[in-house]
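Values in this text are rule-based calculations from the coordinates and carry no lab data. For clarity, every value in this text was computed on a predicted model and none was experimentally measured. Virtual Cβ from ideal backbone geometry, glycine too; neighbours counted across all protein chains shown.
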Amino acid sequence: MQNSQYLSAALLTWYAQNRRELPWRNTSDPYAIWISEIMLQQTQVETVIDYYHRFLNGFPDVARLGQAEEEDVLSLWKGLGYYTRARNILRAARVILEKFDGVFPTVYTDIRSLPGIGDYTAGAIASIAYNLSYPAVDGNVLRIISRLDGIEEDISLQKTKTRITARAAGLIPDGKAGDFNQALMDLGATVCVPKDPKCTVSCPWQTECSAHRDGKESILPIKKKAKKPIEYHYAAAVIRRNADILMTKRQADALLANMWGLPLVCLESGISPETRFGHEWGLEVTNTVYLGHVKHVFSHQIWQIDVYSMTLNDESQVDGDHNDRPLAWVSPERLKTLPVPKAFQKVLSLGSFF
Ligand code: SF4
């Protein structure tokens, strides 16, 4: 038997006995599989499960999603992070309505053409929903195959990815692409994990694996270090009017675009937060009280936020021009429905709003 045939058969046998029961495994609906795959990018399975059910309850099909307002989609995504994913899902649903008559495309290149869908997600949807023979190569698969074949090249390089993608494609057994790709996902999540892979305990590939044979499991894959995130220091203003709080809709080109947060200013040494809010927002504030500090880590930025309670001298300033960042008084009821990202939820919790 060819090495690849043995590997495929061994993995599928292992999968039949060890597959994880996940909500999106009980459907062949490409829409549901798409939503799950996008949510699973950069997010743990345990976290995704609740969001997946909530999202499908809110938007059960492409038609309902494509007609939704961005704010409602972001609101259901609230707390999951990486909000570009939610914006792209909405954009893609609209493309499906306009270009594909509301039917999720069945051809790989059409799926791949949708906003927010790259090679991995297109391969995952095409194989899981339609059993089309495409690989789905993410970080897990890069790690597994580089260990399996003892690849000592940087997996962040395109040429290494291309090599591993070709190897993964060659392992897909006829008519079993969906199961094979999901088996690899499960192997990466439960056995060939980044630290201390369970080679001898439960890996179906241990007899064939180069890294295991050579004792290189802990040094493979080779990956160059990601750039250090840039750190920003902000002050956030918690300004109340009775039970309401002053909030702003973030600019369309900012990080956390079109989501709702508190007015922020960059902190500069020697300049007080009050002065900065006056310059940047045109808000005259007094009675500044320090409430605490919040740190929020994004993939490429770290926000260090000093949070202050402040009093607005003149409420008419709320209606002024704030550089395309509209301000509004938000009631506690409305706050529950607005798309407020985690960073600002942490800030609001210091002001007892979350
Ligand atoms: Fe990964 Fe170990 Fe299996 Fe190799 S033997 S594929 S390193 S779990």
Mean-position separation - Cα centroids, the range 225-274 and the range 1-27, in angstrom:
47
Going by alpha carbons, how many degrees (0 to 90, nearest 10) lie between the helix axis of 139-148 and the longest principal axis of the chain?
30
Would you mind checking 159/225; 159/223; 78/223; 249/342 for any pair whose Cα atoms are more than 20 angstrom apart?
78/223
Does the range 22-108 come out rounded, prolate or oblate, given a ≥ b ≥ c as the square roots of the eigenvalues of its C-alpha gyration tensor, rounded meaning a/c under 1.5 and, failing that, prolate meaning a/b above b/c?
oblate
Alpha carbon centroid spacing (whole Å) that separates the range 284-325 from the range 137-198
45
Estimate the FRET efficiency between residue 293 and residue 314 by the formula 1/(1 + (r/R0)^6), using the beta-carbon distance for r and 30 Å for R0, to the nearest 0.05.
0.55
Order of 202, 127 under a 10 Å beta carbon neighbour criterion, fewest first
202, 127
Shape call for the chain, from the Cα gyration tensor axes a ≥ b ≥ c (a/c under 1.5 means rounded, otherwise prolate when a/b beats b/c, else oblate), comes out prolate
For the range 149-156, in order, what is each residue's ³J(HN,Hα) by Karplus, 6.51 cos²θ - 1.76 cosθ + 1.60 with θ = phi - 60°, in whole Hz (x at glycine and Pro)?
9, x, 7, 9, 9, 4, 6, 7
Suppose R0 equals 30 Å. What FRET efficiency, 1/(1 + (r/R0)^6) with r the Cβ-Cβ distance, do residue 9 and residue 257 give to the nearest 0.05?
0.05
If one compares the long axis through the Cα atoms of helix 119-130 with the longest principal axis of the Cα atoms of the chain, the angle in degrees, nearest 10, works out at 60
Assigning unit charges at the beta carbon (Lys, Arg +1; Asp, Glu -1) and nothing else, what dipole magnitude in debye, to the nearest 20, does the range 4-214 show about its Cα centre?
240
Provide 195, 223 in ascending order of the number of other Cβ atoms located within 10 Å of each residue's Cβ, fewest first.
195, 223
Can you compute the helix-only [θ] at 222 nm over the chain? Use -39500 (n - 2.57) per DSSP H run of at least 4 residues, normalise by all residues, nearest 500 deg cm²/dmol.
-13000 deg cm²/dmol
Per-residue Cβ neighbour rank within 10 angstrom, fewest leading, 333, 268
333, 268
Step through the residues of the range 236-249 one at a time and calculate ³J(HN,Hα) from phi using the Karplus curve (6.51 cos²θ - 1.76 cosθ + 1.60, θ = phi - 60°), rounding each to whole Hz and writing x for Gly and Pro.
10, 9, 9, 10, 10, 9, 6, 7, 7, 10, 7, 10, 9, 8
Applying the gyration tensor rule to the Cα atoms of the range 230-350 (axes a ≥ b ≥ c; rounded if a/c under 1.5, else prolate if a/b exceeds b/c, else oblate), the class is rounded
